[in-house]
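A.B. asks: Mind having a look at this structure? Questions to follow.
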Ligand code: SF4
Ligand code: SF4
């Protein structure tokens, strides 16, 4: 039986590359917002946005972390922009096994932009608020989607661990830890 369809508010950030000046304020505030405890550090390795910077060519490209992928791409394309050559990996949003981008530095678990989900809800994501150059613009629109839960950070973390260690080890560890949890 196919899943029912519902209307969902989709949040997105429109990136105007021409306006980005490479200041990296977006990385700093994203990292701080996702630090544990919140705002306790500003390590850009924890940011879910990464600014590709080539100051000598005045090229700055913000990239937001997307879905985790367990599979490496079998091939690579190359892009030539403004006379400079880039591998497609440079612009890829995925946290994948091939590279170190968008991985939590302590655990190596995948990072994904969550639009700054927080309680209370923010009017605009923090990277948008902190981008004084208006290179990041927050937008919302309605879209029909299948009525299925989207994978969240826990789902993607478990998937990454299962890919690395196998589902049996993940299941064993979860059972062991659940038994040790307070109130178990
Ligand atoms: S805060 Fe804005 S201008 Fe600065 S690096 Fe990020 S996107 Fe670019
Ligand atoms: S929307 Fe929030 S989580 Fe996503 S990149 Fe911007 S600051 Fe980070």
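A.B. asks: What ranking of 69, 42 emerges when the number of other C-beta atoms within 10 Å of each C-beta is taken as an exposure proxy, fewest first?
C.D. replies: By the 10 Å Cβ count, ascending, the order reads 42, 69.
A.B. asks: Please report the projected area of segment 93-184's Cα convex hull averaged over all directions, in nm².
C.D. replies: 9.8
A.B. asks: Multiply the residue separation of residue 173 and residue 106 by 0.36 nm, subtract the distance between their alpha-carbon atoms, and state the gained length in nm to one decimal.
C.D. replies: 22.2 nm
A.B. asks: Per 0.36 nm of contour for each residue apart, how much would the distance between residue 129 and residue 144 grow if the chain were fully extended, relative to their Cα-Cα spacing?
C.D. replies: Full extension from residue 129 to residue 144 adds 2.6 nm.
A.B. asks: Angle between the Cα long axis of helix 25-34 and the longest principal axis of the chain, 0 to 90 degrees, nearest 10?
C.D. replies: 10
A.B. asks: Any idea what log10 I(q)/I(0) is at q = 0.20, 0.22, 0.30 Å⁻¹ for segment 42-83, Debye with uniform C-alpha scatterers and no solvent?
C.D. replies: -0.93, -1.01, -1.07
A.B. asks: Give me the Debye-computed log₁₀ of I(q)/I(0) at q = 0.08, 0.09, 0.16 Å⁻¹ for the chain, equal point scatterers on Cα only, no solvent, two decimals.
C.D. replies: Log-scaled intensity ratios, in q order: -0.32, -0.41, -1.18.
A.B. asks: Could you put 167, 130 in order, starting from the residue whose Cβ has the fewest other Cβ atoms within 10 Å?
C.D. replies: 167, 130
A.B. asks: Please give the helix 167-180 orientation as an angle from the longest Cα principal axis of the chain, in degrees from 0 to 90, rounded to the nearest 10.
C.D. replies: 70
A.B. asks: Now a separate question. Using Cβ contacts closer than 10 Å as the measure, can you line up 145, 61 from fewest to most?
C.D. replies: Fewest-to-most ranking of 145, 61: 145, 61.
A.B. asks: Also, I was wondering about something else. Pop out the Kirkwood hydrodynamic radius of segment 7-93 from its pairwise C-alpha distances, inverse of mean 1/r, in Å to one decimal.
C.D. replies: One decimal place: 14.9 Å for the Kirkwood radius.
A.B. asks: Rounding to the nearest 10 and keeping the result within 0 to 90°, find how far the Cα-based axis of helix 153-165 lies from the longest principal axis of the chain.
C.D. replies: Around 80 degrees separate the two axes.
None of the figures in this text is laboratory data; all of them are computed from the coordinates on show. Not measured: the values here are computed from a predicted model. Glycine gets a Cβ as well: all are built from the backbone with ideal geometry, and neighbour counts include every protein chain shown.
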